[in-house]
Amino acid sequence: MTEADFPIEPADSAGHPVVLVARTPVRAAGLLALLRERGLDAVAAPVIERAPVEDHAELDAARERLARGAYDWVAVTSVNAVDALLGPASGEVPALAGRIADEPVRWAAVGPATRQALAGHGLAVDLVPDVATGAGLADAFPAATAKDATTAGDPAHQPRVLLPLGSLASDTMRAGLEAKGWTVDVVTVYRTITRELPPELRRPYDVVVVASGSAASQIAAQLGPQRVVAIGEPSARAAGAVGHTVLATAAEPTDEALAAAVAEALVRT
């Protein structure tokens, strides 16, 4: 059993709006606290979760290329991708992060949470876009130049980016980076699998918070169309496509912005 098997139960909901956060209780703890400060009852339970890839050969080969300095950039679009590529951060620097610490590779993070996850591995982030989406990161990325082509000390080296993604990720980042002249190695570093909500949580909610298109799809499959608040525009579009009513989209992909969006949506409705 893991922490995800123990959803955080809402408080007495008499007369108070009830919010479901479609995340594991540990990932949702900060948001739950902010929602409860606003007088809302909130419960957290995951409808998707990360699982290891079944065949590690591609991932292991990418790690070895990274350790050899074969990449100019690594572009990371989620905390899950950081953990899957480098291993969960702990009190000691993970083996791979230690091996690449002296390489000239630059790191790009989709947003503050991903930047913090990389910092936990002792890695400095060179690029964070103003718009915290895959498309925003691709737009903010520099164009490949001849200087990048000689970064590895090899005249035949092509300007290259490692793009570690989940199994359900869209092609937006790869296409955007290739349009700027980069050779992109897309590597699946984790699988996304579904989790069933426990019976006691299959009930009506005033708002459901979704932090990915995959979560929005699973909420629709398990609960039917809901009123949702999304963490960003891609999640909002995915939620609308599967029949949810999107009440609001967070201004930033942070707990504070999500809590504010939920509170404002409930006031309006």
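A few comments on the model shown:
- Residue-level analysis places GLN226 outside the set of residues that are within 14 Å of ALA45 (Cα to Cα), modelled with pLDDT of 95 or more and of a type outside the set (D, E, K, R).
- When PRO234 is tested against (1) surrounded by 16 or more Cβ atoms within 10 Å (Cβ to Cβ); (2) at pLDDT below 95; (3) of a type outside the set (Asp, Glu); (4) touching a Lys or Arg at 6+ places or on another chain (Cβ under 8 Å), exactly one condition is not met: (4).
- Considering the conditions (1) closer than 14 Å to ALA81 by Cβ; (2) at pLDDT 95 or above; (3) surrounded by fewer than 19 Cβ atoms within 10 Å (Cβ to Cβ), TRP107 is excluded by exactly one of them, (3).
- Test: ARG65 is modelled with pLDDT of 75 or more, within 30 Å of PRO199 (Cβ to Cβ) and either of a type in the set (Lys, Arg) or touching a Cys at 6+ places or on another chain (Cβ under 6 Å) (or both): no
- Consider segment 33-62 and keep the residues that are surrounded by fewer than 18 Cβ atoms within 10 Å (Cβ to Cβ) and among the acidic types (Asp, Glu). The one that is modelled with the highest pLDDT is GLU37.
- Unmet criterion (only one of (1) assigned by TED's automatic domain parsing to the domain that holds GLY111; (2) free of Cβ contacts under 8 Å to residues at least 60 places away in the same chain) for ALA42: (1)
- So SER212, is it of a type in the set (Gly, Ala, Ser) and surrounded by fewer than 17 Cβ atoms within 10 Å (Cβ to Cβ): no
- Of the residues in segment 169-188, at least one is at pLDDT 95 or above, in contact with a Ser or Thr (Cβ under 8 Å, 6 or more places away or on another chain), under 25 Å from GLU54 (Cα atoms) and not aliphatic (A, V, I, L, M).
- Boolean, THR249 is within 20 Å of the chain's Cα centre (by Cα), among the hydroxyl-bearing types (Ser, Thr, Tyr), at pLDDT 95 or above and farther than 18 Å from VAL76 by Cα: yes
- Residues (assigned to a loop (DSSP other than H, G, I, E, B), under 23 Å from ASP60 (Cα atoms) and either free of Cβ contacts under 8 Å to residues at least 60 places away in the same chain or touching a His at 6+ places or on another chain (Cβ under 6 Å) (or both)) located in segment 171-196: ASP171
The values are calculated or read from the model by the stated rules, or taken from the named source; none is laboratory data. Computed from a predicted structure; not experimentally measured. FYI the Cβ positions are ideal-geometry reconstructions off the backbone, even for glycines, and counts take in every protein chain you see.
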